[in-house]
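For reference, the structure discussed in these notes is given below.
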Amino acid sequence: MSKVNAEATTMLPLLKKKLAFLSGGKDRRSGLILTIPLSSDQTSMEELSATLDYLLSIPSVKCKARGFTVIVDGRKSQWNIVKTVVLMLQNVIPAEVSLVCVVKPDEFWDKKVTHFCFWKEKDRLGFEVILVSANKLTRYIEPCQLTDDFGGSLDYDHNDWLNKRLVFEKFTRESTSLLDELSIINDSDKSSTVDKEKSADLALLPSFDPETVLQTGHELLSELQQRRFNGTEGGGQGGPAWCPMDEELLAQPQVMKLLDSLREQYTRYQELCRQRNKRTQLDEIHAKVMQVVTWLQGPGSELLKTQQAIGDSMRAAQTLQQKHEEIESQHSEWFAVYVELNQQIAALLSAGEEEEVVELKALQQQLSDVCYQQAAQLECRQNVLQAAQGFHTTTQELSQLLDGLLGMLCADVAPADGASIQQNLKLLEEKLQTVEAGLTSLRQKGAQLMEQMCTQAPWPLEETESPAGEQQDNVQHIQGVMEEMQLRKQRCEDMVDVRRLKMLQMVQLFKCEEDALQSVEWLGELLDALLKTHVRLGDESQETTTMLDKHRKFVDVAQSTYDYGRQLLQATVVLCQSLRCTTRSSGDTLPRLNRIWKQFSVCGEERQQRLELALNFHTAAERVLQQECVDSESLDEVDSSGKTLLDRLTMPVIFPDGTEQYFGSPSDTAAAAECVRERLLLVEERRLQLQELGLHNEEEEDEEEEHVLNGQEARLDVIGEELSEKEDQDEEEEEVAAGQQDEDLERATQDC
């Protein structure tokens, strides 16, 4: 078969020349018809011989046994060439040739044939040779078995036959080779063990693609089974049905047999490949599973075990978080492989055999255990890092709050007033509460962090020494940070207590100063009211007595206000000494208070004296006006006291600094004086009445009264001088005592 294949490839140029061909026609003995169309050109006997050798190798032995009928078409050739071809047939196919029909040109070789008779040479040639014209060829061969060159109806296309022949030989060659290879592969797999190395993977690949070869065979078989090869054409004239490309010529059964064998071997080969692919797939899955497990239990675990720190600051925790994200990214790649492997294993489990299912489930369980354990470690580490970031963030915020509070405590307190001190004190309390809340939050975050560290999935016992020691260091660090923050907070609380006391004292200081100023203002208002509104002296003694009582109470109120102001200023001095500071207002408040009080005292004394004079005047006037018998002395006394009172109303109040001030307005003074004058007029009328009643005793009484009056006036003058001297002495002593107190208070203020 390999010889034919080699010749087919080599004979292609010769076959295209159509030096000879098998048209598929048969003679009456069912022998094949071999046609040799000679041309006018010189025909190469070697090429013709090679062509005949190839053509005669095509039919089967059975077909050859029936013999060939050779048609030598010499109509376009010379006699000597025809003769040479006939003689050559003796050497090429002497046993297979039954009859040689030489188609001659019309009446061209008649004389020459007489010189050479082929029929006489039958015994020597081994076959019968006849000379026949083309139109008489049907005597020996049916027209339906002849091509149209000889007047027959047989349809023959040499190029089409050649193409199909090449396809057939190619298919035969490839299918035979493929069958041998598949048989070797299938048979070798039976003898090989399951654990044999799969270095024979290349041997599983045949030289030809089975699918392509099968497709070629089916296409060839389809071509062979077409209508032009089923013998329906050319069967006219009542001739028997005949297949020009029967099994002897193109071996349609051979193609079918090859296809059947090829399908059988290819099915076995596919099953073999499927089994080997499944085994290979199992091995690949096992290798990948072990690769994932090895990495997760090896480098992956080492990466996690080296990352046990929690950092000592927010920045350090963020750096650890970035490193953990890198580790997670590396694990994600292997987890993706795990997911893919899990899907592959699930697909194999649904269609796997019992032995394979057990192996796959074991691999799946091992892979899942390792992956879930590693994922749990990653999640625990992530939770620890998040808790650490929260702890460090809270620590940083609390530290900033403590620094702000400490800065506020270390700054000097120089508020302008008590309201600003109250505001600063409120701000201080708010900051302290914020610090307390921050410390509480820090304790909670620290407890959560330590809880996360304690709940972290443990490593194997032989691997826990270093992580456990580092975890203990982390716990000590957390506790140390919380203790440090507690100490800082306690120090700040102590400083806050001191600052609170100081600020409360400052609030009290400002309050005392404000109240002292208020006392000065109140005392000034009392003085102003005394000078502007306390002008009337009353119309009668009872009213004057009431006004005098009210005046004393008014003076008592002023005295209380003055005493309250001095007490406040003394408290201010004490607070300044305690705070070691001076104030802007207490230095001039005391002189103002003393100055206003002295002015009030002078005015109050003057007011009291005027009221007392008015009381004496009204009492005397009422007594004179009510008594029936009144002596002139009483009338003179009333008149004298009234004039004295009128003179006193016109006098200003002289303050210690030399300034003068009048009580009320001139109209108010005139109204008060008018009341006195009206009483004096009544007294004067009373005097006239008495004069009319006791005119005769007037002179004696006048003399006696004058004598008595002079004596009384002299006596009153002496008493008045003694009282004035005593009052002046008392006032000087009070001024000296008050001045001494003022000097002491001013000296204490200056010292503060």
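Take the Cβ-Cβ distance between Glu628 and Met651 as r, set R0 to 25 Å, and report the resulting FRET efficiency rounded to the nearest 0.05. Walk me through the numbers on the way to the answer.
Working: r = 36 Å, r/R0 = 1.45.
With R0 = 25 Å, the Cβ-Cβ based efficiency is 0.10.
The Glu704 and Glu684 beta-carbon pair, evaluated with R₀ = 30 Å, returns a calculated FRET efficiency of approximately 0.90. Trp295 contributes about 40 Å² of solvent-accessible surface, heavy atoms of the protein only, 1.4 Å probe. Taking 0.36 nm per residue of separation and subtracting the Cα-Cα distance, full extension of the segment from Asp539 to Asp283 would add 78.7 nm.
Subtract the Cα-Cα distance of Ser30 and Gln382 from 0.36 nm times their separation in residues, and report this length gain in nm to one decimal. Before the final figure, lay out the partial values.
Details: separation 352, 0.36 × 352 = 126.72 nm, distance 9.35 nm.
This chain segment gains 117.4 nm when fully extended.
Across the cross-link table entries Lys426/Lys598; Lys431/Lys511; Lys83/Lys164, which are compared at the Cα atoms, the separations over 30 Å belong to Lys426/Lys598; Lys83/Lys164. Taking each residue as 0.36 nm, the span from Ala714 to Thr434 lengthens on full extension beyond its C-alpha to C-alpha distance by 92.2 nm. Quick check on region 299-457: take the gyration tensor over C-alpha atoms, sort the square-rooted eigenvalues as a ≥ b ≥ c, and tell me if it's rounded (a/c under 1.5), prolate or oblate. Cα axes put region 299-457 in the prolate bin.
Shown in residue order for region 207-221 are the 3J(HN,Hα) couplings computed by the Karplus curve 6.51 cos²θ - 1.76 cosθ + 1.60 at θ = phi - 60°: 5, 10, 6, x, 4, 5, 5, 4, 4, 4, x, 5, 5, 5, 4 Hz (x for Gly and Pro). Amide H contacts for Ile71 (H built 1.01 Å from N in the peptide plane; partners 5 or more residues away or on another chain; cut-off under 5 Å): Leu34, Thr35, Ile36, Cys101.
The values are calculated or read from the model by the stated rules, or taken from the named source; none is laboratory data. None of these values were measured; they are calculated from a predicted model. No Cβ is skipped: glycine too gets one built from the backbone with ideal geometry, and neighbour counts run over all protein chains shown. Areas reflect the complete protein model, heavy atoms only, side chains present, ligands, DNA and RNA absent. Shrake-Rupley method; radii C 1.70, N 1.55, O 1.52, S 1.80 Å.
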